[in-house]
Structure formats: structure tokens, C-alpha cells
1. Under 10 Å, Cα contacts only: if you run a Gaussian network model on the chain, which one of 122, 214, 139 comes out with the highest mean-square fluctuation?
2. Using the scaling law 2.2 N^0.38 Å as the reference, what is the normalised Cα Rg of segment 106-151?
3. Once Rh for the chain is found with the Kirkwood sum over Cα pairs, what is the Stokes-Einstein diffusion coefficient at 20 °C and 1.002 mPa s, in µm²/s?
4. Over the chain, give the accessible area per residue in Å² for a 1.4 Å probe, as an integer.
5. Under the rule of -39500 (n - 2.57) per DSSP H run of 4 or more residues, summed and divided by the residues of the chain, what mean residue ellipticity at 222 nm is obtained, to the nearest 500 deg cm²/dmol?
6. Given a 10 angstrom Cα cut-off, can you work out which residue in 84, 176, 98 is the most mobile in a GNM of the chain?
7. Per residue of segment 73-79, in order, report the coupling 6.51 cos²θ - 1.76 cosθ + 1.60 (Karplus, θ = phi - 60°) as ³J(HN,Hα) in whole Hz, putting x for Gly and Pro.
8. Which GluC sites (Glu not before Pro) in segment 77-119 sit in a loop by DSSP (not H, G, I, E or B) and have at most 13 other Cβ atoms within 10 Å of their own Cβ?
Amino acid sequence: MHALRSAAFAATGLALSLQTVAHAGGVSISSYGQRALLIQGGGQSVLLNPYKAVGCAAGLPEPRVNAGVVLASSELADEGARGVASGRFLVAPGSYKVGGLNLEGFASPHDRIEGRRFGNATIWRWQQGGLDFAHVGATAGPISGADRVLLGRPDVLIIGVGGGDKIYSGEEAAAVVKQLNPRRVIPVQYINGDAPANCDQGGVQPFLNAMGSTTVVNPGRNINLPANLPDTTVITVLR
């Protein structure tokens, strides 16, 4: 694991800081449930983690969306299913350029035991619409020093919070937020209402409780974010 991260760090370094930011102007973000988000802005569209309606996504409408690029945390059916949406599908760690986007993916344990049970997930970083994004939507592993360097201080952090074997608990996610100090946090990978059978995830409230007095906004399933966000952390719950 350490070797994987060291290799990713050596290969990418701080490359994103040297790359031209995608066209400024902000973004619109739409939620499809679970951790599937469509981010549009800067002349680009990015879909995160399309899913099959199985597991913890049972009963949800599948996000059959056309996007320029599809970023998956893994290829588990409920968090990175191929064939659901159209667009260039990326799941493996590495450096990619798609259209006007520069994307960096690097490995992180999908569980709390160094990936020995569920392997690795992929954490993503990219710039779009003048905003710096980090997608930590499917991991339960700690954020290492190398991870922090690679992620920097995101403008927008997308993070799984529902707990279970493969996702941060609310308290774990809150600790990561405090490490990275993003301007905007979008929690994903949690259950609204009753959990489907054989789903070990819970709701978003434990995360909100762990974040204490941090401002929370509930705009529904869609939000527009400007390119210049305020410097304080705000949690946006899209549901």
C-alpha cells in the first residue's frame, strides 16, 4: 500500500498545481442518490460513481446519464458500474487528460485493514469550472501524509459518510474534513430512510453531528456553486 501511494506521489507530485485550471465560472451539481453526482461546468461534465440498483443502491433509479467522463471509485456494482452511463469510464489510479480536464486518481484502502478484505478504491482530484475537487467517496482507510499533499485543500470535497465495512463512519469522515479543511463538503454514500437488505450503511445525521456547529445547507438535489467560494467550510446535503 505504501509503495502504491509513494509511486503515485512520485509520478504526479504537485502536477495539478502546475496545470491550467479549467475554464472559470463555477459548476452545477446534481445528485442521483448514493454517491452518484453529475458535475457540469467549465465546458465539461463529470459523472461520479454510476451504480446498478443493487446492494445499498437497491430501489434507486439508475443514473443513465451522458457525461464527458465517468469517475468510479471501484467497479463494485453499487458504486462504479460500467454500462449504466455513457462517457469515458475511469477507475484505475493514474493521470488522465480528457477534453479540457486533468484528472489524478490514486489508490486508497477500501476497508480499515489496509485493503486486505475489499482491495483498494480510487480517490480522484481534478479542477473544473475554477474549482478544485476531491472525491473520497468510497474508502474507509485513513488519509496519509502523501494523500494530503496530493489532495491539497479542496474547494469541494465529496466524501462517503454512511459507515459500514467500506465507507467512513460519520466520525471518521468528520476527521478527514478537519484534516483537509475544504470550503464546501458534499456527503455521499448514506441511506435515506430504511436501509435495503444486506446494506450496512446508515444515514447522514451521525456525520452532521460529528461536524458540530459547521453550517449545513439543504438545497434539494441540485446546487450551483460559484468559482469563488467563501473561505469557511459549509456542508451541502443533496437529497
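1. Looking only at 122, 214, 139, the largest GNM fluctuation is found for 214.
2. My calculation over the Cα atoms of segment 106-151 gives 1.22.
3. On the way: Rh = 17.4 Å.
The calculation lands on 123 µm²/s.
4. On the way: 9640 Å² over 239 residues.
Solvent-accessible surface per residue comes out at 40 Å².
5. Details: 5 runs with 39 residues, N = 239.
Estimated from H runs of four or more residues: -4500 deg cm²/dmol.
6. Of 84, 176, 98, the most mobile in the Gaussian network model is 98.
7. With coefficients 6.51, -1.76 and 1.60, one gets 7, 7, 10, 5, 4, 9, 8 Hz.
8. Numbers: sites: 79, 104, 114; in loops: 79, 114.
Hits after loop and neighbour filter: 114.
The values are calculated or read from the model by the stated rules, or taken from the named source; none is laboratory data. Nothing here was measured: the structure is a model prediction, and the numbers come from that model. Don't worry about glycine lacking a Cβ; one is built from the backbone with ideal geometry, like all the others, and counts go over all protein chains shown. To get the accessible areas, we keep the full protein, side chains included, count just its heavy atoms, and leave off ligands, DNA and RNA. Shrake-Rupley method; radii C 1.70, N 1.55, O 1.52, S 1.80 Å.
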